[in-house]
Amino acid sequence: MATKTRRKTAKAKNLLGQRLKPRVDLRVAFGSITEVDAEVLVLGLFEGVEELSQAARAVDARMDGAITEISQRRVFTGKPGEIFVLPATRHNIRASLVVCAGMGRFDTFEPAVLQIVAENVARTLVRAKVGDVATVLFGASRGNIYGGLANLIDGFFRGLRGTPSRNVLRSITVCERNRLRCQKIEEALVKLHRTKRSQDLDVTLEKITLPASTGVDPTGGPTSVVIQTTQVASPRKGEIGIRFSVLGAGSKAAVLSDTTTIKESELDELVEEVDLPPFADIDSTAALKRYGTKLAKAVVPPKIARILEKAVGKRRIVMFQDSGTSRIPWETLCINGWFPAAVGGMSRQYIADHMPVARWLEQRRLDETVDVLLIVNPTGDLPGAELEGKIIKKAVGGLAGIKIKELRGRAATKARVKKELESGKYDVLHYAGHTSFYPDHPMETGIICAGHRVLTGAELSKIHNLPAVVFFNSCESARVGGMTKRGAQGLARNVGLAETLLRGGVANYVGTHWVVEDLAAPAFMKAFYGALLNGETMGTAVSGGRRAVKKLKSRDWADYIHYGSPTFVLKVPHGKTAR
């Protein structure tokens, strides 16, 4: 009897000494991620892209636009493996935390990146002692659910294996509100379970149905077509390549990439042509159509052109550009007789490393007036700037809700301009004057104040409450790099301003390619500022301004360019909440 007891005691000691397999419950949930009972929700976001998946939009709506704001402010950049945690306990959502996981640039996204993202998330949550997490299948194309899910689960498992054995992360739920897609995810999970991926884990599978949504979630598909253009090397001497990448709906991976090649001299001539006759002719609208058609045939691959055609009238276009492709006047593109920028709208995003956080004073969005700091001809040698100042005051100064503070000529000293900007009193900075331009040192580029003193991008970056919008209504003010040789000689004072201000922390920049006609400028500004006062987004305001100019039969509707978030709202109408 004693011998039998000793054997049982020894066996118990051996069992206690064994390291048991960590248990993980994998669940597929039919329903909205906003209704899942989990401690943490995980959403994948591409670098710089505000266009959210349906799931992310639903979570964003429940959190009063918190995800949108951190994207617009560039607080979360979305670089590969980057993690940003948002507390959610005070919002209409079941989870305590929402984790935004960066997936990097969509044009270079690869399956291996998804594993890194999931692994980083798992390690972070284990260290935070989180017990259960819910997510959606992000970063996977519609036709490759199994591959996307495999990378996601492999990444999570790798993160669990690399953490202490006593981790508390026990449950991973993949949510899907489309019934057919949910079924395919379930089948993929079963298939994955049969592989050797989980041999060192105790994995269980379960399918659940989530409760009906308790709130009003956004419906419909994506509102933007996101296209990235980058200049790439060509194997043939004297040629350059322009690579296009189109982001699939929501947070899916890039679904289409294509590259066109063009002689560098031909592109230079094409870009310069927008500043030359026949635009001086009376029938400038017809000339713009001819030019836009020529530009589209020269630089846009047929596959990309077809995507733009499908988007007409339905979605705006958001163009991500590097310095090489930003010089191209994309707003003038004409495809089969219509202009994408005129129909659905077009905004630009600038691709650059180490972009700073965009800074604006949130309280100003709730103020009922649009306060404009107008700086006119600080150096005293620009008659055109004097005229521009008069046009601005006449066009918008009489609008109810617009307040203009003017600094003209010698009064626009560097110290005074800095003081006004630091006050945080202004929504818009409108500048009519010279700029200094150093292409190799963009942060030293800036606006020239009285006495020819330069307020640089580096100095702007130290100002905390910058205006949310900078408006520069002058020739080529919105080109940020890669100028043509002859064009750069005459217009270098303006080309770097957009990049300077964006790097200095400005959220939105509105500029022009060429000198605007006297009738077009007031028409654009009346429509633009009027829309902002009514709480419309930047994208809507710019499109409204373009339409107003287009009614004048002027080609200048395509002159105006917007860098920044098309969904940014400068003023929140009375009774609504800032988002």
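Quick note: the coordinates plus some simple rules give every number you see, no bench work behind them. Just so it is clear, the structure is predicted and the values come from calculations on it, not from any experiment. Backbone-built Cβ (ideal geometry, glycine too); neighbour counts: all protein chains shown.
Miscellaneous remarks
- Net charge, Gln228 excluded, C-beta distance under 14 Å - Lys, Arg +1, Asp, Glu -1: -3
- Exposure proxy ranking, count of Cβ atoms within 10 Å, fewest first, for Ile328, Ile307: Ile307, Ile328
- Sparsely packed trypsin sites (Lys or Arg not before Pro) within the stretch 53-100, loop by DSSP, other Cβ within 10 Å at most 11: Arg90
- Net length available on complete extension from Arg410 to Glu273 is 45.7 nm, with 0.36 nm assigned per residue and the Cα-Cα distance removed.
- Charge tally in the Cβ shell below 11 Å around Trp557, where Lys, Arg are +1 and Asp, Glu are -1, Trp557 excluded: +2
- Applied to the stretch 556-561, the Karplus parametrisation 6.51 cos²θ - 1.76 cosθ + 1.60 on θ = phi - 60° returns per-residue 3J(HN,Hα) values of 5, 4, 7, 6, 7, 10 Hz, with x for Gly and Pro.
- Taking the stretch 21-209 and dividing mean pair separation by its residue count, relative contact order in percent (alpha carbons under 8 Å, at least six apart): 35
- Nearest-0.05 FRET efficiency for Thr369 and Glu206, computed from C-beta distance (R0 60 Å): 0.60
- Shown in residue order for the stretch 444-454 are the 3J(HN,Hα) couplings computed by the Karplus curve 6.51 cos²θ - 1.76 cosθ + 1.60 at θ = phi - 60°: 8, 6, x, 8, 8, 9, 4, x, 6, 8, 9 Hz (x for Gly and Pro).
- FRET efficiency, Arg179 to Arg306 (Cβ-Cβ, R0 45 Å, nearest 0.05): 0.90
- When the trypsin sites (Lys or Arg not before Pro) in the stretch 291-390 are filtered for DSSP coil states and for at most 14 other beta-carbon atoms within 10 Å of their beta-carbon, the remaining sites are Lys314.
- Applied to the stretch 59-66, the Karplus parametrisation 6.51 cos²θ - 1.76 cosθ + 1.60 on θ = phi - 60° returns per-residue 3J(HN,Hα) values of 5, 4, 5, 5, 9, 6, x, 5 Hz, with x for Gly and Pro.
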